[in-house]
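Taking it in order: structure first as structure tokens, then the write-up.
The values are calculated or read from the model by the stated rules, or taken from the named source; none is laboratory data. In this text the structure is predicted, and so the values were computed from the model without any measurement. No Cβ is skipped: glycine too gets one built from the backbone with ideal geometry, and neighbour counts run over all protein chains shown. What goes into the accessible areas is simple: the full protein's heavy atoms, side chains included, and nothing from ligands, DNA or RNA. Shrake-Rupley method; radii C 1.70, N 1.55, O 1.52, S 1.80 Å.
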Amino acid sequence: MSDIVERTLTALPGLFLQSQPGGGPAAAKTPFSSRLGGLVRGVTALSSKHEEEKLIQQELSSLKATVSAPTTTLKMMKECMVRLMYCEMLGYDASFGYIHAIKLAQQGNLLEKRVGYLAVSLFLHESHELLLLLVNTVVKDLQSTNLVEVCMALTIVSQIFPREMIPAVLPLIEDKLQHSKEIIRRKAVLALYKFHLIAPNQVQHIHIKFRKALCDRDVGVMAASLHIYLRMIKENSSGYKDLTGSFVTILKQVVGGKLPVDFNYHSVPAPWLQIQLLRILGLLGKDDQRTSELMYDVLDESLRRAELNHNVTYAILFECVHTVYSIYPKSELLEKAAKCIGKFVLSPKINLKYLGLKALTCVVQQDPSLALQHQMTIIECLDHPDPIIKRETLELLYRITNSQNVTVIVQKMLEYLHQSKEEYIIVNLVGKIAELAEKYAPDNVWFIQTMNAVFSVGGDVMHPDIPSNFLRLLAEGFDDEMEEQQLRLYAVQSYLSLLDMENVFYPQKFLQVMSWVLGEYSYLLDTEKPEDVIKRLYKLLMSDSISSETKAWLIAAVTKLTAQAQASDTVERVIQEFTVSLDTCIRQHTFELKHLRENVEVMKSLLPVNKSCEDMVVDASLSFLDGYVAEGLSQGAAPYKPHHQRQEEKLSQEKVLNFEPYGLSFSSSGFTGRQSPAGISLGSDISGNSAEAGLKETNSLKLEGVKKLWGKEGYLPQKESAAGDGAEAPPLPPEVSPSENIDQAAAKRTQAQVLAPSKEEKEKQLLASSLFVGLGSESTVSLLGKPDVISHKFRRKSKVKAAKSGEAASTHNLTCSSLNSLSHVAYEENDYLTALQDGEDTESKDLPLGPELSDSESLSELPLAEKVSDCSLSALSLFADSDMEIFQPPSSAAASLTRDIASASCFLEETAGDMCSGRMEVCSDETVSVSSYKLWKDDCLLMVWSVTSKSGSQLKGADLDIFPAQNFKISEQRGCCLPVMEAGSTKNFQYSLQMEKPFTEENLSGFVNYQMVDTHSVQLEFSVNLSLLDFIRPLKISTEDFGKLWLSFANDVKQNIKISEPQAALPSALKMLQQKLRLHVVDIQGNEGLLACRLLPSTSSLLHCRVHADGLALWFRSSCPALPDYLSYQCQKVMMVGPGI
Amino acid sequence: MIQAILVFNNHGKPRLVRFYQRFPEEIQQQIVRETFHLVLKRDDNICNFLEGGSLIGGSDYKLIYRHYATLYFVFCVDSSESELGILDLIQVFVETLDKCFENVCELDLIFHMDKVHYILQEVVMGGMVLETNMNEIVAQMEAQNRLEKSENFPMTLHLSTR
């Protein structure tokens, strides 16, 4: 084929010349369709990326002009789209054309539509907003009688479709499942599968239709439905067990060649279909003997029928093997499958070899003898030039690792690790090496060196469990005391030598591990003094490449070593350097070090040698500070409140800002402590509060959640499998196996190939013997009943003990932190006290205000429920006899006032059923005064204005008009006029008000016209303030009704109000709410109260009050969204005005 | 599921780019480049499978590719696809192209990129294998070609002078 391309390429210039005859003015007339040719030619002729960019930008700008020109026909547009697609493919932005692509799909004829749809599916993505414009077109095309249009619509739906628009097309596509054309049915099935992927719950109801598709008479439709079943069975295999029979029957028919010849591919019947079916069967038969039994026959036939004549039969065979090994085992089939794996592994074709390795990796745990059979091939693959093959081989080796071959396998892994650069490969491999090293390490030196390699390569990308597991292993130790000490000593030595190397940079994680180990175990060194180690750590500390987290670790190590070292200059320097550090964590550590150094005894008891896992008795409640606290309290200090409580209070007072995130980070500064058993946890809540002690403990190391890799059983193969190849040689005890195995491998090698072993071969055989050493002799081990002695070199202590020591470690941390910070506590406490005294001063300044406040409150305690917002002094004074002189009008009015009072009281008597506000003067002049009342009637607000002549003379033609207000319905009520008091001198006007639209505050204004006997008509303007509260009425309902209503309301608001002595205050608080806000108290139960009200005309709102430790929790619910907020505001206002009531 | 189908030539110039999973525009271009470099490094005698680059999701995805003359055909698939099955699917796709264009070459893919997409749409729909039967695909394409001829005579003329 390459010849053809080359020939065409050389002919290219000629071709273009043909397509552009004449040039010059004729070029302008060149049909659009050849423009793409011109573009491509241009691009191909260019040599640099820069030129290409220039050309394409030029092209794009000309395209932009063309597509937006109104004269461009759809046909030209179609051509433009193809060019745009080309530009987009090369990576240039053609977003200006997206909308035109949609237009083309909407308006074009069949061919144009096809280009439009294609362009849309290439340009846009599922959540692109423009896609919504296409939904209607898709719906239209789905209903089209033209099959091509339906196909196009189905294709676009399965490629990109906005999830939220699925309901719009779902029924149409469901209908298509019954379409007479199989291609439509097939595409409909796949479109529905796509929906299942992006929105599974939307297609749940059509699962039954999928079953129909599975039984479709057309094979293609059935095959399409297998996509869905594979997916659904993968998610939940138990739900589809009943279909096993159908799948088996289908597979039988396919394998038996019952399908039309059309479906054959290289004379293999429908290979892709077979692959799908085999995968489904594998999922269904997993761990299920009964289901598996159904498929044994057909699997057997598949294995038999697959004659190896083509690549694709291997694909089927591979799936067969996979299925046979994943379902409930049957020995006959397993045997055949094992043979098949052999064919793969031994195949000269590299693809098949790869799959053979993959198959081996899957099955090797069930049947390790297989690996032994193919050991030479595996060795060859290990040195294969293809990194993918190598990686797969390592994966296989990882699964057959045991204590005897671990060094060789880990070495191979490390070799690969050093070559690879991809992060995900490094993370994966590093994890495996660390696991194997812990599990099977043959000796200390090897273990430490391997882990060093892991840390330096894995560095900062590896899983955080790896370093913490390693440190735990060192800290907790294992059964053999001597070994344990040697391991630690070796670790210390190797780290010191690593640190001594110049110009080598280690990952931060590695340095952290080093600093912990050096801090804990340097005492084991005979040759070097702690001072020397501290010097090295200091050098690191001063290095620029160290992160601040690592520095904290380093300082922690220095602190530990200081306890052992006598006076050290280096420590002095560290203190000087870092007490001024900008990093709070480091500074804290340094201060701890500084203060501890002043008391060597405390320091030694705090930081004992080799006790990182031991319990330390600590008075966690800090009870020794009780006296100090009591003293503080007696001197008037406020009791300590924990941080969260302070915060809560703050929040309940001001809703504006949420400080939560800061609060959290504040208490977690001990982050280093989470990663190692002895990282010092810095509880920074330096407080003397005993209640906080419990919380503090959680601040230290968490050992419970950490995955325990250590102590896992080693590689344990099946016993009976030894019947395979490996057992031909006499069983060998593990001690002698290496030398014996060489012979064994060599023997096999000569059996397989009659070639004289070259030197290279011998090397390979040696490698083989070291790699597969554990596999052949396992049966012996188990037969002799002797466990693999070496495999658990670092046998951990029993779990109980491990857990206990974990706790110990955390307690230890706690000790450090709490005691270390003692000195600070003292300082801080002093500051705190002075601050408190200051606070008291200001408080006492405030005190004189108190009586005044309570006075004013007593004023407001009137027989009538006062509307708080209207609580003006004048209104109050009207009813408070003693305060007469405060009243505004001139003294001449005194007489009329008394009358007014009389009239008001009379008025009150009459309307005793309803609650009523005080009278309020709204305006006046020298002759008349206008005052108003509010009458909170059950169904409306009744406003009464009374116009009173001050002189007592006749009012003539007095008239009152209210300006129309948009939120009210105002109607005058003449009928029930109040009895005319002192006829003529007072005139009352009544208006009933209904609220149209909820509001919080509103002014109602109007004017009064009056005419005195001897004067002209005078106009007086006034206004009154109305609030929403004027329209709130108690709602009298039962507790049950309350419950029902509560559930039916969607809008809720919660509010905490702080009141003193909340337990006692509930009844009074409820009473206040009842009086001031006109809420109806439905029920009081224990420390909870239920209240209800309605907003005229018929919107109800409910309130649930609960008393808790330091306040009242209010919970409003209503059918109106604005009401709860408003009510909660009003409640707060009421509660704040009258504290302690 | 198939995540992406990429066709590029020996110089890494994209000839067909079709993603079935959403990636931002610039990432798509990076994936094409990354994949090209991964594939280019490989000799013809080593296996046709490799792990996806870090952009496309690492070892969870496989790149399965075939090299024909000047073109690389790369399918990026997840673990639910059979490697060998996809390898043969590429063969089916290329053979279909060959039948539709009569001795297909790189230029066909450039000058008829829309048509190549239509053929691909018949083979793979929304990341799922729709049709593997070559004759069926060719029949579908011929039906569409007839449509083209009847509606758009001059354009066909141009196509035939190719």
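Miscellaneous remarks
- Per-residue SASA entry for A:Arg1094, accessible area with 1.4 Å probe, Å² rounded to 10: 50 Å²
- 10 Å binning of all Cα-Cα separations within region A:138-285, expressed as whole percents from 0 upward: 11, 40, 33, 15, 1
- Per-residue mean of C-beta atoms belonging to partner chains within 10 Å, peptide B:44-53: 5
- Relative protection proxy for A:928-938, A:521-531, from highest mean packing down: A:928-938, A:521-531 (other beta-carbon atoms within 10 angstrom).
- Residues in region A:79-112 that a label on B:Asn145 would reach, taking backbone N under 18 Å of a point 7 Å out along Cα→Cβ: A:111
- Cα Rg over Rh - region B:16-148, Kirkwood: 0.96
- Look at where the Cα atoms of region A:416-471 and of region A:1086-1112 average out, and the two centres are 62 Å apart.
- Shielded residues, region A:383-418 - accessible-area loss of 50 Å² or more between chain alone and all protein chains, probe 1.4 Å: A:Asp386, A:Ile388
- With the alpha-carbon atoms of region A:279-350 aligned to their principal axes, the span from lowest to highest coordinate is 38, 18, 18 Å, starting with the largest.
- Measuring heavy-atom accessible area with a 1.4 angstrom probe and counting protein chains only, the residues of region B:69-93 that give up at least 30 Å² relative to the chain alone are B:Ala69, B:Thr70, B:Ser80, B:Ser82, B:Glu83, B:Leu84, B:Gly85, B:Asp88.
- Accessible heavy-atom area order of A:His418, A:His374, B:His11, highest first, probe of 1.4 Å: B:His11, A:His418, A:His374
- Over region A:330-447, volume per residue of the alpha carbon convex hull, in Å³: 107 Å³
- Taking 1.306 mPa s as the viscosity and 10 °C as the temperature, the Stokes-Einstein diffusion coefficient of region A:65-198 based on its alpha-carbon Kirkwood radius rounds to 105 µm²/s.
- Kirkwood radius for region A:456-561, taken over all pairs of different Cα atoms as the inverse mean of 1/r, rounds to 14.1 Å.
- Computed with a 1.4 Å probe over protein heavy atoms only, the accessible area of A:His643 comes to about 60 Å².
- Area of B:Val104 that stays accessible when all protein chains are in place (1.4 Å probe, Å², to 10): 10 Å²
- Taking every residue in B:116-128 and counting other chain Cβ atoms within 10 Å of its Cβ, the average works out to 6.
- Peptide-level mean, for A:276-286, of C-beta atoms on other protein chains within 10 Å: 1
- Residues of region B:63-105 with amide N under 14 Å of the 7 Å Cα→Cβ point at B:Val138: B:92-104
- Per-atom-type breakdown for region A:320-433 gives carbon and sulfur 52% of the accessible area (1.4 Å probe, protein chains only).
- At R0 = 35 Å, FRET efficiency that the Cβ-Cβ distance of A:Glu1021 and A:Cys1120 yields, to 0.05: 0.60
- Two tests apply to each whole DSSP H helix in chain B, Cα reach of 18 Å or more along its axis and mean Kyte-Doolittle hydropathy of at least 0.5, and the ones passing both are B:83-101.
- Amide hydrogen proximity for A:Asn988: with H placed 1.01 Å from N in the peptide plane, the residues at 5 or more positions away or on another chain lying under 5 Å are A:Val947.
- Sorting A:Tyr86, A:Tyr240 by solvent-accessible area of protein heavy atoms yields A:Tyr240, A:Tyr86, largest first, with a 1.4 Å probe.
- Overall shape of region A:413-509 was characterised from the C-alpha gyration tensor. The equivalent ellipsoid obtained from it has semi-axes of 23, 16, 12 Å, in decreasing order.
- Region A:545-571-region A:85-141 distance, computed between alpha-carbon centres (Å): 64 Å
- Interface burial for B against A (accessible surface, 1.4 Å probe, total of both chains, Å², rounded to 100): 6600 Å²
- In the context of the full set of protein chains, residues of region A:299-399 present 35 Å² of accessible surface per residue (probe radius 1.4 Å, heavy atoms only).
- Projecting the Cα atoms of A:Gly256, A:Ile160, A:Tyr240 onto the charge dipole of region A:134-258, computed from C-beta unit charges around the Cα centre, puts A:Gly256 farthest toward the positive end.
- Stokes-Einstein diffusion for region A:149-217, with the hydrodynamic radius set to the Kirkwood value over Cα pairs and evaluated at 37 °C in a medium of 0.692 mPa s, equals 275 µm²/s.
- Cα-Cα over 20 Å, subset of A:Lys529/A:Lys604; A:Lys529/A:Lys560; A:Lys330/A:Lys353: A:Lys330/A:Lys353
- Inter-label distance, nm, simple model (7 Å from Cα along the C-beta direction), A:Glu332/A:Gln58: 7.5 nm
- Modelled label reach - B:Lys41, point 7 Å along Cα→Cβ, region A:405-424 residues with backbone N closer than 13 Å: A:417-424
- Projecting label points 7 angstrom from Cα along Cα→Cβ for A:Gln449 and B:Arg22 puts them 5.3 nm apart.
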